[in-house]
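The structure under discussion appears below in the form of structure tokens.
The values are calculated or read from the model by the stated rules, or taken from the named source; none is laboratory data. Quantities reported herein were computed from a predicted structural model and do not represent experimental measurements. Cβ placement follows ideal geometry from the backbone for every residue including glycine, while neighbour counts extend to all protein chains displayed. Areas reflect the complete protein model, heavy atoms only, side chains present, ligands, DNA and RNA absent. Shrake-Rupley method; radii C 1.70, N 1.55, O 1.52, S 1.80 Å.
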Amino acid sequence: MSKTPLMPVEDALYQLLGMANEQRLADSELLALDDARGRVLASDLVATLDLPPWPNSAMDGYALNLADLHRQPLKVSQKVYAGQAPDTLLPGTCARIFTGAPLPPGATCVEMQENVEVLEDGRVRFLQPLKAGQNIRAQGQENRVGDILLRAGKRLGPFELAVAAGQGLAQLHVVRRPRVALLSTGDELVEPGQPLRPGSIYNSNRVLLGHWLRELGCEVIDAGILPDRPAQTRLKLEQLQVSADLILTTGGVSAGDADCLGQVLRDSGKPLLWKLAIKPGKPLTVGHFGTVPVIGLPGNPTSALVTFGLLARPYLLRIQGVEDVMPLSFMVNAGFDWHKPGSRREYLRVKLEAGRAMLYPNQSSGVLLGATWADGLVEIPENSTHNLGDPLRFIPFNELF
């Protein structure tokens with residue numbers, strides 16, 4: 001029997017995003033700004049206010065009409081503080097004004113207080129050449145009524161929420177949370193806090209992925225640990241498909257006798273892809289059980305981390321309507337030699353030191369501790385070798401999270 005060829009990472013991502021485009025969430029909910037961080041905007045945010053709503057001073061100083069400059073020294077006819085409505089500027093006078101205060105009608109420029117001489121009688125003399133519009137923030141400088149400030153599909157962070165607040169909005173329509181059933185598989189797994197049995201290990205993947213999913217705006221359905229039994233696996237998937245938008249699993253997706261999830265998907269589901277040309281993470285499995293998508297991540301912690309970050313994360317963002325789902329990356333210089341080319345694309349945990357990517361000494365897919373030491377991943381293309389100082393693509397962990 002011929003071996004199934006490994007699928008390139010780009011092809012897998014293309015198929016996952018195609019699947020996500022067909023399964024975008026249509027429902028939305030109205031949330032207070034304080035509750036909307038990390039969520040995805042459901043409709044365009046259109047400006048209902050000019051910002052600034054009126055011309056205002058960019059400096060503490062004096063507002064005047066340039067046409068009166070030849071009549072200086074000028075009498076100060078009013079003081080204007082931020083939050084006050086000014087009077088029309090009297091001809092032949094100036095106004096003491098403070099940063100952010102509305103410009104008095106009739107004023108054409110503002111001079112900063114450092115360039116003004118205040119005489120004993122309170123009149124002021126301007127010491128530097130002036131020009132129209134100087135130190136004035138024009139009405140609508142930031143935006144005009146009707147401008148689209150944020151597009152639907154924008155993920156909301158502090159900056160975006162502040163823009164909404166600047167329009168006076170206390171609530172926003174956001175895409176509802178994807179409901180993700182998180183399922184761990186394996187007879188060897190024990191939840192933290194429980195005693196270890198001989199041959200068992202604690203389930204760290206549930207904690208890693210549960211927090212990561214919530215950071216991505218998902219509602220997590222904790223489906224617990226599933227033993228390596230095909231009938232129980234099939235029954236569990238049947239139960240979860242009723243309530244979940246996605247079933248996300250770890251473990252059980254390889255080709256071994258105990259890898260029941262992959263077996264059930266291939267026998268009873270609709271597999272889309274299986275076995276990637278990636279290291280770590282080769283046995284990633286994607287398909288449907290009934291009508292519900294299933295992403296089966298490998299069980300080794302670093303394999304789960306890499307495949308979730310590079311493939312499942314973009315899928316989850318796209319079903320919420322986010323278009324730009326890929327993490328930002330940039331080139332760094334290798335702080336190591338790499339003279340063992342592989343047929344799979346490799347992602348190595350590295351720390352940046354003096355502009356160079358330094359390798360964590362143990363790159364085993366079962367070692368999660370390296371992720372706490374590292375700043376991110378460097379990508380080693382297929383069938384390539386690299387020398388110290390060669391440029392490599394770097395993906396920061398803070399982009400994935």
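Key figures
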{"item": "Only one of G92, G106, G122, G61 that is over 30 Å from V174 (Cβ atoms), among the small types (G, A, S) and loosely packed, with under 14 Cβ neighbours inside 10 Å", "result": "G122"}
{"item": "Subset of region 337-347 (residues that are in contact with a His (Cβ under 9 Å, 6 or more places away or on another chain) and not in a loop (DSSP other than H, G, I, E, B))", "result": "W338"}
{"item": "Matching residues in region 154-201 - criterion: being part of a strand (DSSP E or B), in contact with a Phe, Trp or Tyr (Cβ under 7 Å, 6 or more places away or on another chain) and open to solvent by 50 Å² or more (accessible area, probe 1.4 Å)", "result": "none"}
{"item": "Residue pairs meeting the criteria (Cβ under 7 Å; at least 6 apart or on separate chains; first part of a loop (DSSP other than H, G, I, E, B), in region 367-391; second among the acidic types (D, E))", "result": "N387/D337; L388/D337"}
{"item": "Single residue of L216, L161 found to be in contact with a helix residue (DSSP H, G or I) (Cβ under 6 Å, 6 or more places away or on another chain) and within 30 Å of L51 (Cβ to Cβ)", "result": "L161"}
{"item": "Residues of region 378-394 that turn out to be within 10 Å of K340 (Cα to Cα) and open to solvent by less than 30 Å² (accessible area, probe 1.4 Å), as a count", "result": "2"}
{"item": "Residue in region 97-108 that is of a type outside the set (F, W, Y) and not in a loop (DSSP other than H, G, I, E, B) present", "result": "yes"}
{"item": "Strands (runs of 3 or more DSSP E) completely within region 240-336 that count 3 or more residues being open to solvent by 10 Å² or more (accessible area, probe 1.4 Å), charged (D, E, K, R) and over 28 Å from S364 (Cβ atoms)", "result": "none"}
{"item": "Boolean, V80 is of a type in the set (A, V, I, L, M), over 16 Å from N135 (Cβ atoms) and without any contact (Cβ under 8 Å) to a residue 60 or more places away in the chain", "result": "no"}
{"item": "Cross-chain or 6+ apart pairs with Cβ under 7 Å, region 112-132 first and in contact (Cβ under 8 Å) with a residue 60 or more places away in the chain and under 11 Å from Y62 (Cβ atoms), then assigned to a helix (DSSP H, G or I) and polar (S, T, N, Q)", "result": "F126/N115"}
{"item": "Residue, farthest from K275 (Cα to Cα), within region 347-359, restricted to residues that are out of contact with any helix residue (DSSP H, G or I) (no Cβ under 6 Å at 6 or more places or on another chain) and open to solvent by less than 20 Å² (accessible area, probe 1.4 Å)", "result": "A357"}
{"item": "Residue match in region 230-239 (condition: outside any strand (DSSP E or B), charged (D, E, K, R) and under 20 Å from V322 (Cα atoms))", "result": "no"}
{"item": "Filter result for E399 (farther than 27 Å from P5 by Cβ and at pLDDT below 95)", "result": "yes"}
{"item": "Strands (runs of 3 or more DSSP E) enclosed by region 1-91 - at least 2 residues per element that are in contact with an Asp or Glu (Cβ under 6 Å, 6 or more places away or on another chain)", "result": "61-64"}
{"item": "Region 364-401, residues that are within 18 Å of L311 (Cβ to Cβ) and hydroxyl-bearing (S, T, Y)", "result": "S365"}
{"item": "Checklist (1) in contact (Cβ under 8 Å) with a residue 24 or more places away in the chain; (2) surrounded by 14 or more Cβ atoms within 10 Å (Cβ to Cβ); (3) not aliphatic (A, V, I, L, M) applied to R214, failing item", "result": "(1)"}
{"item": "Residue count for region 109-138, restricted to those that are among the basic types (K, R), outside any strand (DSSP E or B) and within 46 Å of the chain's Cα centre (by Cα)", "result": "1"}
{"item": "Members of region 18-43 found to be within 19 Å of the chain's Cα centre (by Cα) and of a type in the set (D, E), listed by number", "result": "D34, D35"}
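Residues checked against (1) surrounded by fewer than 14 Cβ atoms within 10 Å (Cβ to Cβ); (2) of a type in the set (S, T, N, Q):
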residue	(1), (2)
L30	yes, no
L51	no, no
N65	no, yes
H70	yes, no
K75	no, no
Y81	yes, no
